Amino acid sequence: MTLIGFAPGVYDLFHIGHLNILREARRHCDRLVAGVTSDDLAAHLKGRVPVVPLAERLAIVRSVRYVDEVVVESEVDKLKTWKRIGFHVIFKGDDWRGTPKWEEFERRFAKVGVEVVYFPYTMHTSSTLLRGALELLSAQDRPEIPSAQLPEPLHEEGGHEHHVGHQQRAVHREEDVLASQE
């Protein structure tokens, strides 16, 4: 039997915490399906739409080597998603452990034989923290632009492309180091 795992999330402003969950999830199943929360559902649950649009978040998560399949998650009720996908285990950050919502999911999943596995929350980063930092930077750098708007694209600002190239090379070296440690 192929053990199917499911890792739901908004995956906005993709960061190391997201990567940690997907990497750990893949180690605990044979096939990993990532559920990327739709913009509408994220707005309903969190009161705001993600910074990164759904199509881009899907592409980012799909490109992570630990993920076998990506689906749009548009249901609040994870059991409806389970009926559609048929996973055996669901993975979540341990910041959700003990919450009324996830205690209820645990009870309901137990009735259908689905295990709930929590992984350690990456304390030093989150999409909420990153969003807050972007809003602060935007307000400081461009006080005439409301903090909800994003800065101009790099090609319109000019001169930063060279700096970004150095950052990308540094990221590739970091990925090589991380991959060699696995």
Within the stretch 44-61, which residues have the backbone N less than 20 Å from the label spot 7 Å out from ASP95 along Cα→beta-carbon, could you tell me? 44-54, 57-58, 61
Give me a comma-separated list of calculated 3J(HN,Hα) values for the stretch 84-91, in order, Karplus coefficients 6.51, -1.76, 1.60 applied at θ = phi - 60°, integers in Hz, x for any Gly or Pro. 6, 9, x, 7, 9, 9, 10, 10
14 Å beta-carbon shell around ALA55, net charge (K/R +1, D/E -1): -2
Three-way shape call for the stretch 22-121 based on the alpha-carbon gyration tensor, with the a/c threshold at 1.5: oblate
Starting with the highest mean, order 100-108, 84-92 by the number of other Cβ atoms within 10 Å, averaged over the residues of each peptide. 84-92, 100-108
Heavy-atom accessible area per residue - the stretch 1-119, 1.4 Å, Å²: 50 Å²
Between ILE16 and MET1, what length comes free when the chain is fully extended (0.36 nm per residue of separation minus the Cα-Cα distance, one decimal in nm)? 2.3 nm
Among all the lysines, which ones have a C-alpha under 22 Å from LYS111's C-alpha, if same-chain residues fewer than 8 places away are not counted? LYS78, LYS80, LYS83, LYS92, LYS101
LEU32: net charge of surrounding residues, Cβ under 12 Å, Lys/Arg +1, Asp/Glu -1, itself excluded? +2
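The values are calculated or read from the model by the stated rules, or taken from the named source; none is laboratory data. Bear in mind the structure is a predicted one, so any value in this text is a computation, not a measurement. All Cβ positions, even for glycine, are placed from backbone atoms using ideal geometry, and neighbour counts span all protein chains on display. Heavy atoms of the whole protein, side chains included, go into the accessibility calculation; ligands, DNA and RNA do not. Shrake-Rupley method; radii C 1.70, N 1.55, O 1.52, S 1.80 Å.
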